[in-house]
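Structure first, commentary second.
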Amino acid sequence: MLEAVLDTNFLMLAHQFKIDILGGLRELLGEYKAVTCSGVIGELERVHSGKGKDSAAAGYALKLLKRGVEVKRSSEGVDDWILKYCAKNGAVACTVDRELIGRLKKEGVKAVILRGKARLQFG
């Protein structure tokens, strides 16, 4: 089964743009398994402990993770972990981080991005 690896900023999109990212991934990928790493949890918790729109989005993302997203342990930076995990396991990265998208392309890893603040597509 195809794995979709969710980045911090991608998870926060659900609240920021009021989109169903998990359903959108299902439409784009078919059957898939959602995965993220413990570093993403840490980033979301740090942002959520603050105030404002980003804090609310991070809180929503943390709740979203409880809907069947598998969390893998990681000891390295989130972007490095995503790149290595996707390359090793043939997974698709879900991110809107332009720098990470560039690194993924160099390694031949597919990325799912948000287009037009409304729909997910391969980038």
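The values are calculated or read from the model by the stated rules, or taken from the named source; none is laboratory data. None of these values were measured; they are calculated from a predicted model. Cβ sites come from the backbone with ideal geometry, for glycine too, and all protein chains shown count toward neighbours.
Assorted remarks:
- Among residues of the stretch 22-55, those that are among the hydrophobic types (A, V, I, L, M, F, W, C) and assigned to a strand (DSSP E or B), counted: 3
- Only residues that are among the β-branched types (Val, Ile, Thr) and either in a loop (DSSP other than H, G, I, E, B) or surrounded by fewer than 17 Cβ atoms within 10 Å (Cβ to Cβ) (or both) were counted across the stretch 102-123, and they come to 1.
- Leu44 falls short on exactly one of the conditions (1) buried (at least 19 other Cβ atoms within 10 Å of the Cβ); (2) closer than 25 Å to Met1 by Cα, and that condition is (2).
- Checked against (1) within 14 Å of the chain's Cα centre (by Cα); (2) closer than 22 Å to Leu2 by Cβ, Glu31 passes all but a single condition, namely (1).
- Filter pass, Gly59 being modelled with pLDDT of 95 or more, under 15 Å from the mean Cα position of the chain (by Cα), surrounded by fewer than 19 Cβ atoms within 10 Å (Cβ to Cβ) and in a helix (DSSP H, G or I): yes
- Qualifying residue in the stretch 76-87 (condition: part of a loop (DSSP other than H, G, I, E, B), touching a strand residue (DSSP E or B) at 6+ places or on another chain (Cβ under 7 Å), at pLDDT 95 or above and of a type outside the set (Phe, Trp, Tyr)): no
- The stretch 99-123, residues that are free of Cβ contacts under 8 Å to residues at least 12 places away in the same chain, out of contact with any strand residue (DSSP E or B) (no Cβ under 6 Å at 6 or more places or on another chain) and closer than 23 Å to Glu27 by Cα: Lys105, Gly116
- Filtering the stretch 1-26 to residues that are under 16 Å from Lys110 (Cα atoms) and acidic (Asp, Glu) leaves Glu3, Asp7.
- Failed criterion for Val5 (all others in (1) in a helix (DSSP H, G or I); (2) within 24 Å of Gly116 (Cβ to Cβ) hold): (1)
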